[in-house]
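Below you'll find the structure, written out as structure tokens, and then a few comments.
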Amino acid sequence: MCCTYGLNSAYFSKVIIIFIFYKKGFVLNCKLAIIFMLSILIPTYNYSVVNLVRQLHKQAKESSIPFEIIVVDDCSTDIAIFDKNKKIKELEFCAFLKNNENIGRTATRNLLANKAKFNQLLFLDADVYPKSDSFIKLFLSNMDSSEIIFGGISYKNEEPPKEEILRWKYGKSRESLTVKQRIKNPYRTINSGCFLINKPLFLKINKELDMQKYGMDIYFKQLLHKYQSKVNHIDNPVYHLGLETSKVFIKKSLEAIETICYLEKNHQLNNSLIPLQKFYQKLSILKIDTFYLFILNKLKIKIENNLNSSRPNLVLFDLYRLNYYIEFKSKKSV
């Protein structure tokens, strides 16, 4: 027989505790089982999440835990995809909601967290997919005292079309890291494409992300560090499937640099958090940052041609972004 109790504590967040009584010979024994309750949260915009939701739903059901899946559409303009996504609400424990206007991923995640019934939040981007059939179980087995769990990001080995190679190559080289590599920089190597986090911690941090700018992930990581959040890196990656074209990826990368400059100017971001900032500081100390701009601007078109080619060079991409960072920082108003 078993007895079930709800528990709300800082250590377990919200879980179900089950005392299982069983007879072994003439002795009545009792063992403790802890069942976590999970909210799976997915923001989407013009991207089909049907296959992702079905897979997560299947795995969550097999895990025999109380769970919910909530998808919020951020006012998609593609009606066909929107109508397709709507059908997920027909699945048990699944909900589909729509924003009346486009508010961005940060605000949509905040909405999802507030809608969630449970205190363990598993956030996934719309364009990821679990690599393992035990994806949910692996997260559940690591839900101890950790406040945030990151399983990693992976990329398919098959080379994508030419226009997506820069994003694919960058992801495989810079984002697809082993647990051993990630734990050397536990906060900086978190990728917001998929992570599990304690609800109170997420709401505390997310309320400080009070602007709709691309590239706020860097500030999210710094806040995790600021609050000394307990991070657990495990081997449980998702594939990143929604690769942008090289032109779009370059554009987004430059927008992320603008966000870094904005946060620095407002004293919200450490100015030596990432290699880009550290390298700029070295150039500045040596007083050769202006010379660097002069040289890179001469090579700018050739570098852009390379980045949009079938064999993009990531070192050139780093130099290109550093050039933009120096240029943007030199502007009078950011």
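Worth pointing out:
- Checking each residue in the range 213-236 for being crowded, with 17+ Cβ neighbours inside 10 Å and among the basic types (Lys, Arg) picks out only LYS221.
- In this structure, ASP210 does satisfy being surrounded by fewer than 13 Cβ atoms within 10 Å (Cβ to Cβ) and closer than 23 Å to TYR262 by Cβ.
- Considered as a group, the residues in the range 301-334 that are of a type outside the set (Ser, Thr, Tyr) and surrounded by fewer than 13 Cβ atoms within 10 Å (Cβ to Cβ) include one that is farthest from TRP168 (Cα to Cα), and that residue is LYS332.
- Residue match in the range 41-55 (condition: in contact with a strand residue (DSSP E or B) (Cβ under 8 Å, 6 or more places away or on another chain), over 26 Å from ALA107 (Cβ atoms) and surrounded by fewer than 21 Cβ atoms within 10 Å (Cβ to Cβ)): yes
- Summed over the range 247-268, residues that are in a loop (DSSP other than H, G, I, E, B) and touching a residue at least 24 places away in the same chain (Cβ under 8 Å) total 1.
- Here is the figure for the range 37-61: residues that are in contact with a Lys or Arg (Cβ under 8 Å, 6 or more places away or on another chain) and under 17 Å from SER141 (Cβ atoms) total 2.
- Odd one out for ASN271 among (1) in contact (Cβ under 8 Å) with a residue 24 or more places away in the chain; (2) part of a loop (DSSP other than H, G, I, E, B); (3) surrounded by 14 or more Cβ atoms within 10 Å (Cβ to Cβ): (1)
- Highlighted here would be strands (runs of 3 or more DSSP E) found entirely within the range 63-164 that include at least 2 residues which are acidic (Asp, Glu) and touching a Cys at 6+ places or on another chain (Cβ under 8 Å), but there are none.
- Residue that is farthest from TYR45 (Cα to Cα) [pool: residues in the range 76-100 that are surrounded by 14 or more Cβ atoms within 10 Å (Cβ to Cβ) and of a type in the set (Val, Ile, Thr)]: ILE88
- Each residue in the range 185-198 was checked for being touching an Asp or Glu at 6+ places or on another chain (Cβ under 9 Å) and part of a strand (DSSP E or B), and 3 of them qualify.
- Selection over the range 96-126 of residues that are without any contact (Cβ under 8 Å) to a residue 40 or more places away in the chain and within 13 Å of PHE202 (Cα to Cα) gives a count of 1.
- Residue match in the range 165-177 (condition: out of contact with any Asp or Glu (no Cβ under 7 Å at 6 or more places or on another chain), in a loop (DSSP other than H, G, I, E, B) and in contact (Cβ under 8 Å) with a residue 24 or more places away in the chain): yes
- Every listed requirement among (1) out of contact with any helix residue (DSSP H, G or I) (no Cβ under 6 Å at 6 or more places or on another chain); (2) closer than 28 Å to SER132 by Cβ; (3) of a type in the set (Phe, Trp, Tyr) is met by PHE67 save one, (1).
- Screening the range 199-246 for residues that are in a loop (DSSP other than H, G, I, E, B) and β-branched (Val, Ile, Thr) and picking the one that is nearest to LYS180 (Cα to Cα) gives ILE234.
- Annotation: GLN281 fulfils all but one of (1) under 23 Å from LEU166 (Cα atoms); (2) in a helix (DSSP H, G or I); the unmet one is (1).
- GLN181 passes every criterion in (1) in a helix (DSSP H, G or I); (2) surrounded by 15 or more Cβ atoms within 10 Å (Cβ to Cβ); (3) assigned by TED's automatic domain parsing to the domain that holds GLY151 apart from (2).
- Looking only at residues in the range 109-146 that are of a type in the set (Ser, Thr, Tyr) and at pLDDT 95 or above, the one that is nearest to LYS61 (Cα to Cα) is SER134.
- Scan the range 42-89 for residues that are among the basic types (Lys, Arg) and within 19 Å of LEU122 (Cβ to Cβ) and the total you get is 4.
- Odd one out for PHE67 among (1) crowded, with 23+ Cβ neighbours inside 10 Å; (2) within 18 Å of the chain's Cα centre (by Cα): (2)
The values are calculated or read from the model by the stated rules, or taken from the named source; none is laboratory data. Owing to the predicted nature of the structure, the values given are computational and were not obtained by experimental measurement. All Cβ positions, even for glycine, are placed from backbone atoms using ideal geometry, and neighbour counts span all protein chains on display.
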